[in-house]
Amino acid sequence: MKPEIKICGLKTPDAVERAVARGASHIGFIFFPKSPRNISPEDAAELADRVRGQVKIVAVTVDAGDEELDDIVSLLRPDILQLHGHESPERILHLKALYGLPVMKAFSVREAGDLDRVDPFIGVADRFLFDAKAPAGSELPGGNGVSFDWSLMASLDESVEYMLSGGLNKDNVASALSSTRARGLDISSGVESAPGVKDLGMIDAFFDAVNSSRRQSA
């Protein structure tokens with residue numbers, strides 16, 4: 001099965017268009033001021049309008065309040081909300097009812113016990129994303145360019161559909177696909193020449209690696 005690919009933290013027209021041209025299924029815009037990938041809802045909407053209908057548009061937030069989300073949803077018109085903070089199952093149900101959008105809940109993973117936190121969200125979140133826990137001192141919940149032990153995913157309930165994130169790049173994507181049952185991959189820093197700066201050549205190389213892995217496993 002062809003994996004879904006989400007290129008996250010996009011900020012420029014050329015990166016958006018290259019990601020879509022190469023076959024991204026999702027593009028993500030990050031609304032978190034501490035991130036080098038932070039973007040305004042207005043700018044994100046302008047970029048999204050270039051490719052709307054061709055890919056799923058994802059709004060990534062971290063413990064955002066209703067007022068902030070109102071602006072993001074009204075301007076960007078995303079297909080999916082991705083929650084990367086400490087949102088509770090009740091918060092997710094509230095947002096789904098408020099906006100009528102599916103929610104992807106992100107979890108940070110370092111050890112097997114971290115996956116226990118998923119259980120209360122099964123049947124509440126529409127999808128999950130598993131990222132590596134941030135290194136000590138980092139203020140960013142994702143986009144840190146580090147991975148976790150993907151073998152931990154074998155213990156996850158098989159009913160849980162998820163995207164894999166954290167330290168993905170052209171050199172390890174084949175291993176990520178072969179060692180997990182992830183339906184999708186989420187990459188940000190792995191296609192950047194500097195924090196927040198997407199590199200078109202690196203985007204190409206990543207998709208080339210994904211395609212090569214699929215041919216080898218066919």
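Please list, or write none, the lysines whose alpha carbon is within less than 18 Å of the alpha carbon of residue 96, excluding same-chain residues fewer than 8 places away.
The qualifying lysines are 56, 105.
How many angstrom separate the Cα center of segment 1-77 from the Cα center of segment 189-218?
Cα centroid to Cα centroid, the span is 18 Å.
So which aspartates and glutamates can residue 170 reach, going by Cα to Cα under 16 Å and dropping same-chain residues fewer than 8 places off?
In chain and number order, the partners are 4, 186, 192, 199, 204, 208.
Enter the per residue convex hull volume of the chain, computed from alpha-carbon coordinates, in Å³ rounded to the nearest integer.
115
Wrap a convex hull around the Cα atoms of segment 1-101, take a quarter of its surface area, and give that in square nanometres.
6.7
Just to be sure I understand: with springs between alpha-carbon atoms less than 10 Å apart, which residue in 155, 179, 147 has the highest mean-square fluctuation in the Gaussian network model of the chain?
The residue with the greatest mean-square fluctuation here is 155.
About its Cα centre, how strong a charge dipole does segment 64-131 have in debye, to the nearest 20, once Lys and Arg get +1 and Asp and Glu get -1 at the Cβ?
So the dipole magnitude of segment 64-131 works out to roughly 220 debye.
Simple spin-label model, 7 Å along Cα-to-Cβ: residue 12 to residue 110 in nm?
With each label placed 7 Å out from Cα toward Cβ, I get 3.4 nm.
With N denoting the number of residues in segment 55-120, provide Rg(C-alpha) divided by 2.2 N^0.38 Å, to two decimal places.
Output field value: 1.16.
With +1 on each Lys and Arg Cβ and -1 on each Asp and Glu Cβ, how big is the dipole of the chain about its Cα centre, in debye rounded to the nearest 20?
Dipole magnitude for the chain comes out near 760 debye.
Mind telling me which of 156, 115, 177 comes out most flexible in a GNM of the chain, alpha-carbon contacts under 10 Å?
156
What net charge is computed for the residues neighbouring residue 109, neighbours being all others with C-beta under 9 Å from the C-beta of residue 109, Lys and Arg scored +1, Asp and Glu -1?
-2
Quick one: accessible surface of residue 56, probe radius 1.4 Å, all protein chains present, in square angstrom to the nearest 10.
Residue 56 exposes around 100 Å² with every protein chain in place.
Take the Cα atoms of segment 147-186, find their three principal axes, and give me the spread along each one in whole Å, biggest first.
28, 16, 15
So what are the ³J(HN,Hα) numbers for segment 171-188, from phi and the Karplus equation (6.51, -1.76, 1.60; θ = phi - 60°), rounded to whole Hz, Gly and Pro as x?
Running phi through 6.51 cos²θ - 1.76 cosθ + 1.60 with θ = phi - 60° gives 7, 10, 5, 4, 5, 4, 6, 7, 9, 9, 10, 4, 7, x, 10, 10, 10, 9 Hz.
I want to verify a result. In a Gaussian network model of the chain, Cα cutoff 10 Å, which of these has the top mean-square fluctuation: 83, 75, 129?
75
The values are calculated or read from the model by the stated rules, or taken from the named source; none is laboratory data. What you see is a predicted model, and the numbers here were worked out from it, not measured in a lab. Backbone-built Cβ (ideal geometry, glycine too); neighbour counts: all protein chains shown. Keep in mind that these areas ignore ligands, DNA and RNA; they rest on the heavy atoms of the full protein, side chains included. Shrake-Rupley method; radii C 1.70, N 1.55, O 1.52, S 1.80 Å.
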